[in-house]
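K.L.:
Here it is: the structure, laid out below.
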Amino acid sequence: MTATAMAAAAPVGAPRVLGRSRALVRPALEEAVGRLHPWVAEMAAYSFGWCEVGGAPAGVGASGGKGVRQALAVLGAEAVGASGRAGVPAAVAVELVHAFSLLHDDIMDGDPARRRRPAVWKAYGTGPAVLAGDALFALAVETLAAAPAGPRTVRLLSAALNDLVRGQADDLLFTERPWTGPERVRPGEYRAMAEHKTGSLLGCSAAMGAVLGGAPRSTAAALDRAGRHLGIAFQVVDDMLGVWGDPAVTGKPVHGDLRERKKTFPVLAALDAPLPAARRLAALLASDAADPEEAAALIDEAGGRTAALAEAHRCLGAAEAALAEAAPGAGTARELRSLLDFLVRRDL
């Protein structure tokens, strides 16, 4: 199955799960954001897709994302037999932290747009965007601290945030390393970066929801592992779509990651292959005017697409095995697996 086909094959159950979770979490998330300074609250609302610059209600098509992390928190509580409402504080906290990380990521990466709108730093300025991100982070900790089992969930979130920062640091440092030679980035290093940068918060979402639902440590740990494996699969598929995805499906320009010379998993896997195509790819990437279309073809010829697809399926299988360890009820298990598939076979 191609990357585009995987993206288009999202299971029908996932939108229902996401919608149910959004309806449950949105009032509490709005209440939390409403406690911020009005100007900061406006920037936060803009980042969530609720309003335009200046505070007017958002136009049709504005989006704050699909809310996968908050759904994992709700389902984490339900996985241990509690009401989804028990996981709402965790869901609010992870949405706030995710928004905080995106605000700062866009600044670090110089990305001018987010979800087809100007990024917060472009709309309001760099300093205000940093301030809004800091406020969202502080609000997330405050939200968890006030919840039952607050100290335990705050520790889980703190550990995930340390991993997230570690992953972001590695991702930034990867750009400075050469394409070839002993200092090149290896696929194993990329896996660790993706687990930290993406998987840590996905795992933390489900684990915190489970803790608020009364889960033992072993169950929360299994859900955390599932999210971490899922994060790698998510990132690898995102990389595939960045090279071969259909812009009509992904919303991204074709070959965008190659034009930005990102060290993505398919590229790194292709460069590791003992094939002539890998050597030609290395020479092309070392040039100042690498043609993205030619690079994409060489990555495919050197096995980068095949290796990435195999890695995504391997990580998805590992996530499902960890989920089985948590032994959720049959209904919740179906919804969790639907969400796992949605993250890998998704419309970006």
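The values are calculated or read from the model by the stated rules, or taken from the named source; none is laboratory data. Just so we're clear, the structure is a prediction, and the values are computed from it rather than from any experiment. Glycine also receives a Cβ, built like all others from the backbone with ideal geometry; neighbour counts cover every protein chain displayed.
K.L.:
With the condition kept exactly as written, say whether any residue in segment 248-259 is within 20 Å of residue 316 (Cβ to Cβ), touching a helix residue (DSSP H, G or I) at 6+ places or on another chain (Cβ under 7 Å), of a type in the set (A, V, I, L, M, F, W, C) and at pLDDT 95 or above.
P.N.:
Initial filter on segment 248-259 (within 20 Å of residue 316 (Cβ to Cβ)): 249-250.
Filter once more, so that each one left must be touching a helix residue (DSSP H, G or I) at 6+ places or on another chain (Cβ under 7 Å): 249-250.
Keeping just the survivors that are of a type in the set (A, V, I, L, M, F, W, C) gives 249.
Now narrow it down to the ones that are at pLDDT 95 or above: none.
Checking segment 248-259: not a single residue is within 20 Å of residue 316 (Cβ to Cβ), touching a helix residue (DSSP H, G or I) at 6+ places or on another chain (Cβ under 7 Å), of a type in the set (A, V, I, L, M, F, W, C) and at pLDDT 95 or above.
K.L.:
Out of segment 255-293, which residues are in a loop (DSSP other than H, G, I, E, B) and under 21 Å from the mean Cα position of the chain (by Cα)? Steps first, please.
P.N.:
So in segment 255-293, the residues in a loop (DSSP other than H, G, I, E, B) come out as 255, 260-264, 272-275, 287-291.
Result: 255, 260, 261, 262, 263, 264.
K.L.:
Okay, next question. With the condition kept exactly as written, say whether any residue in segment 104-115 is buried (at least 24 other Cβ atoms within 10 Å of the Cβ) and either over 14 Å from residue 25 (Cα atoms) or not basic (Lys, Arg) (or both). First the steps, then the outcome.
P.N.:
Narrowing segment 104-115 to residues buried (at least 24 other Cβ atoms within 10 Å of the Cβ): none.
Among the residues of segment 104-115, not one is buried (at least 24 other Cβ atoms within 10 Å of the Cβ) and either over 14 Å from residue 25 (Cα atoms) or not basic (Lys, Arg) (or both), which makes the answer no.
K.L.:
Let me ask another. Within segment 93-194, which helices (runs of 4 or more DSSP H) (wholly inside it) include 3 or more residues that are at pLDDT below 95? Walk me through it before giving the result.
P.N.:
Working: elements: 120-124, 126-145, 150-174, 187-194.
Filter on segment 93-194 gives 150-174.
K.L.:
Still on this structure: Does segment 143-193 hold any residues that are farther than 14 Å from residue 207 by Cα, in contact with a Pro (Cβ under 9 Å, 6 or more places away or on another chain) and without any contact (Cβ under 8 Å) to a residue 24 or more places away in the chain, and which are they?
P.N.:
Across segment 143-193, the qualifying residue is only 145.
K.L.:
Identify the single condition in (1) hydrophobic (A, V, I, L, M, F, W, C); (2) surrounded by 17 or more Cβ atoms within 10 Å (Cβ to Cβ); (3) in a helix (DSSP H, G or I) that residue 321 does not satisfy, given that it satisfies every other one.
P.N.:
It is condition (2) that residue 321 fails.
K.L.:
Just need a number here: residues in segment 162-209 that are hydroxyl-bearing (Ser, Thr, Tyr) and surrounded by fewer than 20 Cβ atoms within 10 Å (Cβ to Cβ).
P.N.:
2
K.L.:
Looking at residue 273, is it surrounded by 17 or more Cβ atoms within 10 Å (Cβ to Cβ) and out of contact with any Asp or Glu (no Cβ under 6 Å at 6 or more places or on another chain)? Talk me through it step by step, then tell me what you get.
P.N.:
Numbers: surrounded by 17 or more Cβ atoms within 10 Å (Cβ to Cβ): yes; out of contact with any Asp or Glu (no Cβ under 6 Å at 6 or more places or on another chain): yes.
Yes; evaluated as a whole, the condition is true for this residue.
K.L.:
In this structure, is residue 288 touching a residue at least 40 places away in the same chain (Cβ under 8 Å) and either touching a His at 6+ places or on another chain (Cβ under 9 Å) or of a type outside the set (Ser, Thr, Tyr) (or both)? Let's see the steps before the verdict.
P.N.:
Values: touching a residue at least 40 places away in the same chain (Cβ under 8 Å): no; either touching a His at 6+ places or on another chain (Cβ under 9 Å) or of a type outside the set (Ser, Thr, Tyr) (or both): yes.
So residue 288 does not fit the description; no.
K.L.:
Can we say residue 41 is at negative phi, crowded, with 16+ Cβ neighbours inside 10 Å and either modelled with pLDDT under 95 or not in a helix (DSSP H, G or I) (or both)? Break it down into steps so the answer makes sense when it comes.
P.N.:
Values: at negative phi: yes; crowded, with 16+ Cβ neighbours inside 10 Å: yes; either modelled with pLDDT under 95 or not in a helix (DSSP H, G or I) (or both): no.
Considered against the rule, which asks whether it is at negative phi, crowded, with 16+ Cβ neighbours inside 10 Å and either modelled with pLDDT under 95 or not in a helix (DSSP H, G or I) (or both), residue 41 comes out as no.
K.L.:
Then there is this: Would you check if residue 197 is under 24 Å from residue 65 (Cβ atoms) and outside any helix (DSSP H, G or I)?
P.N.:
Here the answer is no, as residue 197 does not meet what is asked.
K.L.:
Scan segment 204-227 for residues that are closer than 19 Å to residue 147 by Cα and assigned to a helix (DSSP H, G or I) and jot them down. Spell out how you get there, then give the answer.
P.N.:
Going residue by residue through segment 204-227, those that are closer than 19 Å to residue 147 by Cα are 204-217, 220.
Correct list: 204, 205, 206, 207, 208, 209, 210, 211, 212, 217, 220.
K.L.:
Quick test for you: out of 159, 145, pick the one residue that is more than 30 Å from residue 189 (Cβ to Cβ) and surrounded by fewer than 22 Cβ atoms within 10 Å (Cβ to Cβ).
P.N.:
Values: 159 fails: more than 30 Å from residue 189 (Cβ to Cβ).
Answer to the check: 145.
K.L.:
Search segment 35-58 for residues that are charged (D, E, K, R) and pair each with any residue that is assigned to a loop (DSSP other than H, G, I, E, B) and surrounded by fewer than 17 Cβ atoms within 10 Å (Cβ to Cβ) when their beta-carbon atoms are under 7 Å apart and the residues are at least 6 apart or on different chains.
P.N.:
Between residues of segment 35-58 that are charged (D, E, K, R) and residues that are assigned to a loop (DSSP other than H, G, I, E, B) and surrounded by fewer than 17 Cβ atoms within 10 Å (Cβ to Cβ), the close pairs are 42/55; 52/58; 52/59.
K.L.:
Still on this structure, I have one more. Which residues, taken from segment 99-110, are over 16 Å from the mean Cα position of the chain (by Cα) and free of Cβ contacts under 8 Å to residues at least 60 places away in the same chain? So that I can check it myself, show each step before the final result.
P.N.:
Quick first cut of segment 99-110, residues over 16 Å from the mean Cα position of the chain (by Cα) only: 107-108, 110.
Residues satisfying the conditions are 107, 110.
K.L.:
Right, next: So, in segment 46-86, of the ones that are surrounded by 19 or more Cβ atoms within 10 Å (Cβ to Cβ) and among the polar types (S, T, N, Q), which residue ends up nearest to residue 124 (Cα to Cα)?
P.N.:
47
K.L.:
Regarding residue 84, is this residue modelled with pLDDT of 95 or more and in contact with an Asp or Glu (Cβ under 9 Å, 6 or more places away or on another chain)? Steps first, answer last, please.
P.N.:
Values: modelled with pLDDT of 95 or more: yes; in contact with an Asp or Glu (Cβ under 9 Å, 6 or more places away or on another chain): yes.
For residue 84, the condition - modelled with pLDDT of 95 or more and in contact with an Asp or Glu (Cβ under 9 Å, 6 or more places away or on another chain) - is met.
K.L.:
Moving to a separate point now. Can you tell which of 336, 340 is within 30 Å of residue 214 (Cα to Cα), at pLDDT below 90 and crowded, with 20+ Cβ neighbours inside 10 Å?
P.N.:
On the way: 336 fails: at pLDDT below 90.
Sole residue among the options that is within 30 Å of residue 214 (Cα to Cα), at pLDDT below 90 and crowded, with 20+ Cβ neighbours inside 10 Å: 340.
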